[in-house]
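What follows is one structure encoded as structure tokens, with my remarks underneath.
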Number of protein chains: 4
Amino acid sequence: MTIHHFQPTHYHNTLGAHEPVLHIADGDTVVTATVDAWGRDAHNQQVAARPNPQTGPFYIEGAEPGDTLAVRFDRLTPNRSAGFTKTLVAPNVVEPEYVAELPWPPKGERRLAEWYVDAQAGTATLISPETKLGRLTLPLAPMLGCFGVAPAGGQAISTVTSGEHGGNMDYRGFVTGVTAYLPVFVPGALFFLGDGHAVQGDGEIVGTGIEISFDVQFTVQVRKGKRIGWPRGENASYIFTVGNARPLDQAVQHATTEMLRWLGEEYGLDPVAASILLGQCVEYDLGNIYDPAYTMVCKLPKRFLK
Amino acid sequence: MTIHHFQPTHYHNTLGAHEPVLHIADGDTVVTATVDAWGRDAHNQQVAARPNPQTGPFYIEGAEPGDTLAVRFDRLTPNRSAGFTKTLVAPNVVEPEYVAELPWPPKGERRLAEWYVDAQAGTATLISPETKLGRLTLPLAPMLGCFGVAPAGGQAISTVTSGEHGGNMDYRGFVTGVTAYLPVFVPGALFFLGDGHAVQGDGEIVGTGIEISFDVQFTVQVRKGKRIGWPRGENASYIFTVGNARPLDQAVQHATTEMLRWLGEEYGLDPVAASILLGQCVEYDLGNIYDPAYTMVCKLPKRFLK
Amino acid sequence: MTIHHFQPTHYHNTLGAHEPVLHIADGDTVVTATVDAWGRDAHNQQVAARPNPQTGPFYIEGAEPGDTLAVRFDRLTPNRSAGFTKTLVAPNVVEPEYVAELPWPPKGERRLAEWYVDAQAGTATLISPETKLGRLTLPLAPMLGCFGVAPAGGQAISTVTSGEHGGNMDYRGFVTGVTAYLPVFVPGALFFLGDGHAVQGDGEIVGTGIEISFDVQFTVQVRKGKRIGWPRGENASYIFTVGNARPLDQAVQHATTEMLRWLGEEYGLDPVAASILLGQCVEYDLGNIYDPAYTMVCKLPKRFLK
Amino acid sequence: MTIHHFQPTHYHNTLGAHEPVLHIADGDTVVTATVDAWGRDAHNQQVAARPNPQTGPFYIEGAEPGDTLAVRFDRLTPNRSAGFTKTLVAPNVVEPEYVAELPWPPKGERRLAEWYVDAQAGTATLISPETKLGRLTLPLAPMLGCFGVAPAGGQAISTVTSGEHGGNMDYRGFVTGVTAYLPVFVPGALFFLGDGHAVQGDGEIVGTGIEISFDVQFTVQVRKGKRIGWPRGENASYIFTVGNARPLDQAVQHATTEMLRWLGEEYGLDPVAASILLGQCVEYDLGNIYDPAYTMVCKLPKRFLK
């Protein structure tokens, strides 16, 4: 149960079988940092390239293809005060004919909003641009937008998208205290993480949360011989499964199928019992509807699972 | 502000310009009843044909095309003890290759679960079939699955589906205390309602909530000259908009566009301000992912709208 | 085998159980006319309201729910010289971010292209606007955009969309010589037709073909007890099935399932034989990707069906 | 204009920046071979791993990011007599509720059809299983299912899917005589090819064409400074663009946008002229509706482009 302190010196824009930055044991904890989606660190210095540069990969001893990697997010804390967001809804989240009505900036020009993030106070405050919102202040809800493991089949997949291996899911439910479960495809699993958001609405519909660098602590555990199909997770109140695909309908299909499998394997519920339970008790969250693959999360309150 | 007591004697399976059952004034309240999705009333007697037979239509004096009809659900109460649900997830909510793994009953045979609904105790208890769930007991959360107005263009649209006019949205957020807003397409608006669920999970993924008949009280209000594009609603904590379409992506587009319009028209937020606010504060709920048109709901907490 | 000459005096904008304009017998032929999508007749006079006003309905004696109505299009001929099209691709057929790059006219303003249709010469020539295309001349390929029967369940469905009953499929394959098959949902079937296009590309991606009024001749036949799920058709070279839904993926699913059923019922091919055949020989056409329901057509060359 | 004869000794299951097997010059021709989708060569020996093992990559001297690589398929010839196909439509191409009606083999068992391919006679004949189809004989139409270049951003993308870089598009239009255009993302472009089909229906709806190994000859050309967004192609009669995405709707959006860009850049047609032309003259082909990304092709007859 070692605690490793790891200061990253380089970052990755794909999740793949890259050279590990650290080997850690099953049960170990890592204290490290992530840069923001555009590669700026705690000092707001550009130290990595876009998009969503990842810290890692961490090689977890003993993890083999067919296992599951559990990662508990012990702490996710913004480590600087400057955050930013985009300022216009993405064109794919509005009606096609409405796109032309929106005030797009001239081609190639990107307009950003600046936020002042006060980790002590637990708030993010809008600094610019000037709008009718004034100094809008929101409670912090720090979450990891992008994390995952090296994917199957020798692939290296961009951090703009997601899949069975995790990746850029941009789900606001990945907060401190959550345990995420990821399928292991390569020896050592090769865990990556990055793209912290101080706050984010469902769907990441402007294409960003409040993008910021993080101090992170996480703890890993290997579930030997436990095979899962899609990312799973749990917090104090829920178990949940994550589907990443387009359209959202397919993301729902993956997440729901994964939940049915989970209820069968670990809770002894056959498809009829699982259907009766889910039918009246399931909840769905929208992860992102912005990235190349969209994300839907299928949740079941733990109180229904004695 | 008259209170009308109306006992239905016939029902409709389409929302269209049918003969009104009652003319009521702007501001009036109606106390009435709805039968369940398959046409059984408070005595569990079959009195109407499937699907989702509707009480109404109610003609609201003064409502004209281009207005908005506000309907507050004052009370939605199951009025019998027998509820039922289907017992297997719908094939369209799981991965296509998983469909063949599910224990489908022989063609033409429909298997139902029975629930005992205790309105006093506020619970629904699973009676049959025998599964590992035993006598699963859930808190009641009564909601209206299908309601709406006569649609545009002289259409009569089946109560299995939904659109700009409302219809079979199966959104668990339409509960007592909520006010729904509907666009008016014909003189008198012609309001219909039915398909009560004692409980329902997000998505209505087994194809039913706990289907049951209701005692209902609602109050109408006409917003003259207020033109909306899609159903809207509000409760104590949220304003929300509803998109009905396939795939879910398109339902999100309708709901999000409608919310942007709302924020512009009534809260003075231009698209940039509205985007900055929604981007970090929006929430989405999944209505149904079972009916011909799926439903997504775009919600904004009222606390961000002073 | 009577030939009826019918001159319409009113039109419908929904397909529903409207009062028949004519009762005809199984095997009869009708010679009639259709107005264009915006309601203008052979004299370019506005005689009906938008959208896609339909001639009919024709009541076919002996047609009952559960039967199939066969309609052979004996002749589809533009009967005036003035045709029109829209002039910009629909926003839903391009990438969302590209929509804002297109030269949309000011809101509320609609820009049209005019075409001179010469039925003798068999050509359509672009008259305006002035573009680099000059006097582009295309060969005529007259097709019916919208036809169908009264739908199931007492519905009246707008002529802007489509479904199991047919409707606004905008498939360029519905030309002279084709026989279309439609499921019968009400006594007499109630056949409607309209929305002729002198020419149309796949997908109807600008939202119109070359819209024009038609002289039409068609012949009906009732297939007693033959139950189909979706529109079917055949020409000299192909049998085909039509799926109407969104997204296109679902339209493909309907059309393919209907083709598998057809091959099973009428050609004795079990699902394995049908799959082997379709897998290597099937063709798909895109009907429309503009209307509320999109259309995909599944085709099999008849030469593979001895 | 050298002609290289290259005999592959190893294969790739991802398209990525792998070590080139050969450096060739702009204008050069390569004569080589591809193995079938499951890795069997001209002698039906297993020499590579699934899925869709690729010959290459070929490094084209002078190709730089931002250029376009033109590849003309000079010859695509099956080089053995044994082909195979799957025997049941994929579950995602039929209605979800129909999936359970199909005769799926026991889990883990894969049933194949065998075909005898006679390159001399130009035919493929069904050998097994025994069905009502008997010895169905089809004309050969050899096509390349999967080819492309190393993708952007340091990715290595599985040969089961496709994207801007090409990949597993399974479009029956990629036959002898066609020139494909691919965006260049890395120095040398790094061209891969494989997955030959002796015959294939639209959509690859059983999940295979008639899978077989090929002798291939192709010729490359670099278009310096020509930047494209998606694969393009041309044959004697058409220019075409390829969109790869889910749902099909999005594939259509990519292909249509790419065609509009092409017409603007190279044929001087502004969006209005291009829309008027495409609206009445465009054709769409369905590539595959089986792989993780679906493929739609937007085609314009060259006769309309003087």
Notebook entry, point to check: Exactly one of (1) within 23 Å of C:ASP118 (Cα to Cα); (2) surrounded by 24 or more Cβ atoms within 10 Å (Cβ to Cβ) is unmet by C:VAL184. Its number?
Noted result: (1)
Item checked: Residue list for the range B:21-43, restricted to those being of a type outside the set (A, V, I, L, M, F, W, C) and either under 22 Å from B:VAL206 (Cα atoms) or crowded, with 16+ Cβ neighbours inside 10 Å (or both) -> B:ASP26, B:ASP28, B:THR29, B:THR32, B:THR34, B:ASP36, B:GLY39, B:ARG40, B:ASP41
Notebook entry, point to check: Going through the range D:254-299 one residue at a time, which ones are under 21 Å from D:ASN92 (Cα atoms) and either at pLDDT below 95 or among the polar types (S, T, N, Q) (or both)?
Noted result: D:ASN288, D:THR295
Check: Across the range D:273-306, what is the total count of residues that are facing chain C (nearest Cβ under 10 Å), in contact with a Ser or Thr (Cβ under 8 Å, 6 or more places away or on another chain), of a type in the set (A, V, I, L, M) and assigned to a strand (DSSP E or B)?
Finding: 1
Notebook entry, point to check: In the range B:123-165, how many residues are under 30 Å from B:PHE58 (Cα atoms), small (Gly, Ala, Ser) and outside any strand (DSSP E or B)?
Noted result: 5
Notebook entry, point to check: Do we have B:LEU102 as aliphatic (A, V, I, L, M) and under 22 Å from B:PRO142 (Cα atoms) here?
Noted result: no
Check: Taking the range D:127-149 on its own, how many of its residues are in contact with a Phe, Trp or Tyr (Cβ under 6 Å, 6 or more places away or on another chain) and over 20 Å from D:LEU286 (Cβ atoms)?
Finding: 2
Item checked: Test: D:ARG246 is under 20 Å from the mean Cα position of the chain (by Cα) and among the basic types (Lys, Arg) -> yes
Next item on the list: Output yes when any residue across the range B:62-72 is in a loop (DSSP other than H, G, I, E, B) and of a type in the set (Asp, Glu), and no when none is.
Entry: yes
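Residue by residue, here is whether (1) away from chain D (no Cβ under 14 Å); (2) farther than 25 Å from B:GLY154 by Cβ; (3) of a type in the set (Asp, Glu) holds:
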{"site": "C:LYS132", "(1), (2), (3)": "no, yes, no"}
{"site": "C:LEU138", "(1), (2), (3)": "no, yes, no"}
{"site": "C:GLY148", "(1), (2), (3)": "yes, no, no"}
{"site": "C:THR159", "(1), (2), (3)": "yes, no, no"}
{"site": "C:VAL175", "(1), (2), (3)": "yes, yes, no"}
{"site": "C:PHE185", "(1), (2), (3)": "yes, no, no"}
{"site": "C:LEU190", "(1), (2), (3)": "yes, no, no"}
Next item on the list: Would you check which residues across the range C:271-298 are surrounded by fewer than 24 Cβ atoms within 10 Å (Cβ to Cβ) and in contact with a helix residue (DSSP H, G or I) (Cβ under 9 Å, 6 or more places away or on another chain) and list them?
Entry: C:PRO271, C:ALA273, C:CYS281, C:TYR290, C:ALA293
Next item on the list: Please determine, by comparing only the residues of the range A:93-110 that are within 10 Å of C:VAL99 (Cβ to Cβ) and in a helix (DSSP H, G or I), which one is farthest from the chain's Cα centre (by Cα).
Entry: A:GLU97
Item checked: In the range A:112-142, the residues that are within 25 Å of A:PRO292 (Cα to Cα) and touching a helix residue (DSSP H, G or I) at 6+ places or on another chain (Cβ under 8 Å) -> A:ALA113
Item checked: Matching residues in the range C:211-243 - criterion: being outside any strand (DSSP E or B) and either surrounded by fewer than 21 Cβ atoms within 10 Å (Cβ to Cβ) or more than 17 Å from the chain's Cα centre (by Cα) (or both) -> C:LYS224, C:GLY225, C:LYS226, C:ARG227, C:ILE228, C:GLY229, C:ASN235, C:ALA236, C:SER237
Check: B:THR219: more than 14 Å from every other protein chain (Cβ to nearest Cβ), modelled with pLDDT of 95 or more and touching a Lys or Arg at 6+ places or on another chain (Cβ under 8 Å), yes or no?
Finding: yes
Check: So, in the range C:111-134, of the ones that are more than 21 Å from C:HIS43 (Cα to Cα) and either of a type outside the set (Lys, Arg) or under 24 Å from the mean Cα position of the chain (by Cα) (or both), which residue ends up surrounded by the fewest Cβ atoms within 10 Å (Cβ to Cβ)?
Finding: C:GLU130
Checklist line | Every residue from the range A:260-285 that is among the hydrophobic types (A, V, I, L, M, F, W, C) and over 21 Å from B:ALA113 (Cα atoms) | finding: A:TRP262
Margin query: Considering only residues that are more than 22 Å from B:GLY163 (Cα to Cα), within 7 Å of another protein chain (Cβ to nearest Cβ) and either touching a helix residue (DSSP H, G or I) at 6+ places or on another chain (Cβ under 6 Å) or among the polar types (S, T, N, Q) (or both), which ones fall in the range B:226-270?
Written below: B:LEU269
Notebook entry, point to check: Do you know which residues across the range D:1-56 are small (Gly, Ala, Ser) and over 19 Å from D:PRO151 (Cα atoms)?
Noted result: D:ALA25, D:GLY27, D:ALA33, D:ALA37, D:GLY39, D:ALA42, D:ALA48, D:ALA49
Notebook entry, point to check: Can you tell me how many residues in the range C:158-168 are out of contact with any Cys (no Cβ under 7 Å at 6 or more places or on another chain), of a type outside the set (S, T, N, Q) and under 16 Å from C:HIS254 (Cβ atoms)?
Noted result: 4
Notebook entry, point to check: Conditions: (1) within 20 Å of A:SER162 (Cα to Cα); (2) under 19 Å from the mean Cα position of the chain (by Cα). A:ALA33 meets all but one. Number of the miss?
Noted result: (1)
Margin query: Looking at the structure I just gave you, is D:GLY177 part of a strand (DSSP E or B) and either crowded, with 24+ Cβ neighbours inside 10 Å or at pLDDT 95 or above (or both)?
Written below: no
Checklist line | Subset of the range B:71-125 [free of Cβ contacts under 8 Å to residues at least 24 places away in the same chain, in contact with a Lys or Arg (Cβ under 9 Å, 6 or more places away or on another chain) and more than 14 Å from chain D (Cβ to nearest Cβ)] | finding: B:THR125
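The values are calculated or read from the model by the stated rules, or taken from the named source; none is laboratory data. Predicted model only: the values in this text are computed from it and were never measured. Counting neighbours? That spans all protein chains shown, and the Cβs are built from the backbone with ideal geometry, glycine included.
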